[in-house]
Amino acid sequence: MWGMLVIPPMMLPRDGRFGAGPSKVRAESVDGLVSVSRNVLGTSHRAAPVRDLVARIRTGLGELYALPDGYEIILGNGGASAFWDAAVFNLISRRSAHGCFGEFSTKFASAAQRAPHLADPAIAKVDAGSVVLPPADAEADVYAWAHNETSTGAVAPVYRMGSGDALTVIDGTSAAAGIPVELSELDVYYFSPQKGFGSDGGLWFAVCSPRALARIAELAAGDRWIPDFLNLQLAVENSRKEQTLNTPAVATLVLMEQQLQWLLASGGMAYAVARTTASSAHLYAWAEQHELATPFVADPAYRSPVIGTIDFADSVDAAALAATLRANGIVDVEPYRKLGRNQLRVGMFAAVDPEDVAALTACIDWVLQQTRS
Ligand SMILES: Cc1ncc(COP(=O)(O)O)c(C=O)c1O
């Protein structure tokens, strides 16, 4: 019966895409894809047009993040999931320590745990909805956690852990371009472009410190077997030539550049953060005062500015609510599938207009009102 409800069109957000990634791709980026692509789609990724595009992206990322001296941006195929496997070969010398507070931070830990050439990782774990950093561990040479846990909507602090040669390796997949980070406080910040960068999937990017670059070179020169596809030294060498080891998704690169240029022209990271902060402040304030809704992440300090998770009272069927919204063109607000909560999850990346988040909550209120009366 809920699916039959038609939300008054004037209440609807102008753009109904609130996915946690893939997420909203701006119409202007798609227009750019059509106009810019004529010169690059269907041309060699080893020739100037595509290499120039990669160069503009690397430079643009450096500008967006105020890259510290000696840090480099590398890229490759396979998304952040492939980067976990690459990290297991090229970043962890012997043993890593992980903070696990959701699906994605846990996946990297399990990749390290399964790797036969590594010692068992040290793991700190908490229930979904909170945050935990890796345990201090005298033998850990990599400390790893997610800046933003996309599966739960929890944001973690980022600062350098460990001493000596230990590297701090941060999954910025859903935080990048939406939550500020101090790069001098970490060694590797890796992400996929289909979230805050409003692009498509298939690639990974990683900002690497000089210490991380040295670790990559050292492990590549050693006797560890490293598959070429996951070899970060090859990625470093190709990235320096504005290339990837194998053929990249060129359309993804074009969309990524469109988003970068938009962010940089609008005020850079400060602009992106102002938008994600405005959207999330509204969503959480709405949920806090709502008799049927509550922010899932209890501690306000851990509530993500880019992924909002909202629990509903038992009297509300959140799945039916999401289905009704979907039937009205408001899509992808279903919770992370394995979380199993009576919840909605709202992606509020920089591309999402804060006014659309306000429209979304108004639509939810309208639907709840209809189903109660
Ligand atoms: C925090 C985080 N890390 C890693 C990934 C995996 O990214 P990909 O699907 O591009 O491999 C995701 C995807 O949602 C994510 O949210």
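The values are calculated or read from the model by the stated rules, or taken from the named source; none is laboratory data. Since the structure is predicted, the reported quantities are computational estimates derived from the model, not experimental observations. Neighbour counts are summed over all protein chains in view; Cβ atoms, including those assigned to glycine, are modelled from backbone coordinates with ideal geometry. When the accessible area is computed, the model is the full protein with side chains, heavy atoms only, and any ligands, DNA or RNA have been set aside. Shrake-Rupley method; radii C 1.70, N 1.55, O 1.52, S 1.80 Å.
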Restricting the stretch 203-254 to chymotrypsin sites (Phe, Trp or Tyr not before Pro) in coil, as DSSP defines it, with at most 14 other Cβ within 10 Å: 225
Solvent accessible area, Å² - residue 241, 1.4 Å probe, full protein context: 110 Å²
Inter-label distance for residue 119 and residue 277, nm, one decimal - labels placed 7 Å from Cα along Cα-to-Cβ: 4.2 nm
Helix axis angle, 27-40 relative to the chain longest principal axis, alpha carbon, degrees: 30 degrees
Heavy atoms of residue 275: accessible area, 1.4 Å probe, square angstrom to 10: 40 Å²
Degrees separating the helix 268-289 axis from the principal Cα axis of the chain, which is the longest one: 40 degrees
Positive-pole candidate from 151, 213, 35, dipole of the stretch 27-264, charges at beta carbon: 35
Cα centroid separation - the stretch 179-232 against the stretch 315-373, whole Å: 34 Å
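Probe radius 1.4 Å, ligands and nucleic acids ignored: give me the carbon and sulfur share of the accessible area of the chain as a rounded percent.
Numbers: 7820 of 14590 Å².
Here it works out to 54 percent.
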When the convex hull of its Cα atoms is projected in every direction, mean area for the stretch 27-264 (nm²): 12.0 nm²
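Mind scanning 107/338; 107/195; 125/338; 195/241 and naming the pairs with a C-alpha gap bigger than 24 Å? Write out the running numbers ahead of the final one.
Numbers: 107/338 13 Å; 107/195 18 Å; 125/338 17 Å; 195/241 26 Å.
Where the Cα-Cα span goes over 24 Å, the pairs concerned are 195/241.
From largest accessible area down, sort 365, 31; use a 1.4 Å probe on the protein chains. Kindly include the intermediate steps, with their values, before the conclusion.
Values: 365 55, 31 100 Å².
So the residues, ranked largest to smallest area, are 31, 365.
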Helix 210-221 axis, angle to the chain major axis (alpha carbon atoms, nearest 10°): 60 degrees
Most positive-pole-ward Cα, 164, 189, 129, against dipole of the stretch 128-199 from beta carbon charges: 129
Under the Karplus curve 6.51 cos²θ - 1.76 cosθ + 1.60, θ = phi - 60°, whole-Hz ³J(HN,Hα) for the stretch 312-319, x wherever Gly or Pro sits: 10, 4, 4, 6, 9, 8, 4, 5
Backbone HN-Hα couplings from phi across the stretch 338-345 [Karplus 6.51/-1.76/1.60, Hz, Gly and Pro as x]: 8, 6, x, 10, 7, 8, 10, 10
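Looking at the stretch 263-371, which GluC sites (Glu not before Pro) are in a loop (DSSP not H, G, I, E or B) and have at most 16 other Cβ atoms within 10 Å? Present the calculation step by step, with values, prior to reporting the outcome.
Values: sites: 288, 291, 355; in loops: 291.
Those satisfying the criteria are 291.
If you roll a 1.4 Å probe over the heavy atoms of the protein chains, what accessible area per residue do you get for the chain, in Å²? Intermediate values should be presented prior to the final figure.
Values: 14590 Å² over 373 residues.
For the chain, the per-residue accessible area is 39 Å².
Multiply the residue gap between residue 342 and residue 165 by 0.36 nm, knock off their C-alpha separation, and tell me the result in nm, one decimal place. Walk me through the numbers on the way to the answer.
Numbers: separation 177, 0.36 × 177 = 63.72 nm, distance 4.37 nm.
Going from the current span to full extension adds 59.3 nm.
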Of 135, 295, 116, the one that fluctuates the most in a GNM where the chain has Cα springs shorter than 10 Å: 116
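Highest mean first, how do 314-320, 101-107 rank when packing is the count of other Cβ atoms within 10 Å averaged over residues? Spell out each step's value before the answer.
Working: 314-320: 14.9, 101-107: 22.1.
Ranked from most to least packed, the peptides come out as 101-107, 314-320.
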